[in-house]
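Have a look at the structure below before the remarks.
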């Protein structure tokens, strides 16, 4: 896992989920879900901006500016559509299953974050939240195996701009 922000947010989420060992409070579980989503959200933005502008220290200001252009809705749509991507010419075969799985996990995390932040009628259990945190961790852990695949690079670009048909 490369992302400092992603790592920190997931660590924070895990701590929140384990507060109140006997009877977890909804506020902690909700914030844990939100932090888990934002860990992946920022990780994907870091990956995309690194692809577009380079990962070097000299380009960090450009990456920070570009990062402000990402929108939750656009990212969700790209993640939902990743299985239908056409791998660019010269690409390495079909879209990797790991990319599809990571993308769909991101969509579910976004939905969970939305429920946690806005639907007070929904309650969460600690085990449910810990399972969702594991899904976020899996995205960051599995990412290096697909990072350089052409479909992954197309996905990262699609998080920011709609691909042409």
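Bear in mind these aren't lab numbers, they're just calculated from the coordinates by the rules spelled out. Note that the coordinates shown come from a computational prediction; the quantities given were computed from them, not determined experimentally. Cβ coordinates were reconstructed from backbone atoms using ideal geometry, including for glycine residues, and neighbour counts include every protein chain displayed.
Structural remarks
- Cβ crowding within 10 Å, taken as a proxy for footprinting-reagent exposure, orders 18, 132 from fewest neighbours to most as 18, 132.
- Nearest-0.05 FRET efficiency for residue 107 and residue 22, computed from C-beta distance (R0 45 Å): 0.85
- Compactness of the chain - radius of gyration and Dmax, Cα, Å: 16.4, 55
- Ordering 152, 131 by the number of other Cβ atoms within 10 Å of each residue's own Cβ, fewest first, gives 131, 152.
- Value of [θ]222 nm, deg cm²/dmol, for the chain, DSSP H segments ≥ 4, -39500 (n - 2.57) each, nearest 500: -22000 deg cm²/dmol
- Highest mobility in the GNM of the chain, judged by mean-square fluctuation with C-alpha springs under 10 Å and restricted to 32, 97, 79, is found for 97.
- Top of 124, 41, 155 by mean-square fluctuation, Gaussian network on the chain, Cα under 10 Å: 124
- Helix 97-118 axis, angle to the chain major axis (alpha carbon atoms, nearest 10°): 40 degrees
- Gaussian network model of the chain, Cα within-10 Å springs - most flexible of 109, 33, 62: 62
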